[in-house]
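Written below as structure tokens is the structure these notes are about.
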Amino acid sequence: RWLRSRRDVVLLYHAIGPAPAAGDPYNLYVDTDSFRRQLEYVGRRADVAPLHELAGGRQSGRRQRVALTFDDGYRSVLLKAAPFLDEFGFPATLFMPTGAVRADPPTGDPVDRLSKDELLALEARGVEIGSHGHAHIDLAVAEADEVGDDLATSHRLLTEWLGHPPLHLAWPYGRSSEVARDAAKELGFVAAFATERSPAGDFARERVGVYPKDSLAIFALKASGHYGPLRRGAAVVERTLSRRR
């Protein structure tokens, strides 16, 4: 049963389809059957909206809005996810670390990343292409010069490849710093996304990760808008109990 909410939710995926033969230690590969069920489920209960409609942070009206995003630029987003997005007519955003764009022919391995031409093919299908930095470094702790160079390189390359500047940025490892957020603003990004709620407003908007072992019930909680507050509440309780031990 849907947990009624009008909170906007940005869902975070990585790869769709079978995991590499070596395994999936970071829990990135959601199988196609689960992905289709998740899209079908959320599509019945919310408006699946483009990211820019949620990025400003204004709450929606009577009906909840959900945005779909993918990190790291795995080729399976084009091969496995995009056909389902087309089927349901859902918009999505892919955040690409520009340093990982594939220059060689694909190997067919699930760890393959997208090429420049495949990024353009995804955009032509209605998938927004955003930045995930260039070298996928932790911009929350990097030195200011390194932060500036990494974000500027990503912004420049995406602008050259796409023919227009990227609007949105997702922080590698889900976190940022004041220096990184200021650099993103100066480059002209309109919003950036983290994996934790932050008082930093439009440049650390929260996303909720979806993982291979999530049951449909867990997915429903994550997509409902209640998951983040519950998780933060549990963390506060745990910290309080830890201090009392």
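Values quoted throughout were computed directly from the atomic coordinates according to the rules given, and no laboratory measurement underlies them. Being a predicted model, the structure only gives us computed values, none of them experimental. Note: ideal-geometry Cβ built from the backbone for every residue, glycine included; neighbour counts use all protein chains shown.
Remarks
- Set of aspartates and glutamates near Lys185 by C-alpha distance (under 20 Å), chain-local residues within fewer than 8 positions excluded: Glu53, Glu128, Asp138, Glu143, Asp145, Glu146, Asp149, Asp150, Glu160, Glu196, Asp202, Glu206
- Overall dimensions of segment 80-125 by Cα: Rg and Dmax, Å: 11.5, 32
- Over the chain, DSSP H runs of length four or greater, each weighted -39,500 (n - 2.57), average out per residue to a 222 nm ellipticity of -11500 deg cm²/dmol.
- Scalar couplings 3J(HN,Hα) for segment 147-158, obtained by applying the Karplus form with A = 6.51, B = -1.76, C = 1.60 to θ = phi - 60°, are 4, x, 5, 5, 5, 5, 5, 4, 4, 5, 5, 5 Hz; x denotes Gly and Pro.
- Length-normalised contact order for segment 6-130 - Cα pairs under 8 Å, 6+ apart - percent: 28 percent
- Diffusion of the chain by Stokes-Einstein, at 25 °C in a medium of 0.890 mPa s and with Rh set to the Kirkwood radius over alpha-carbon pairs, works out to 133 µm²/s.
- With contacts taken as Cα pairs under 8 Å and at least 6 residues apart, the chain reaches a relative contact order of 21 percent.
- Calculated P(r) tail over 26 Å for segment 1-147, as whole % of Cα pairs: 29 percent
- Net charge dipole size for the chain [Lys, Arg +1 and Asp, Glu -1 on Cβ; Debye, nearest 20]: 1800 debye
- Asp72 long-range amide H proximity, modeled H, under 5 Å: Phe95
- Cβ-based charge dipole, segment 33-163, positive-most Cα from His136, Phe90, Leu79: Phe90
- Segment 149-217 - charge dipole about Cα centre, Lys and Arg +1 at Cβ, Asp and Glu -1, debye rounded to 20: 240 debye
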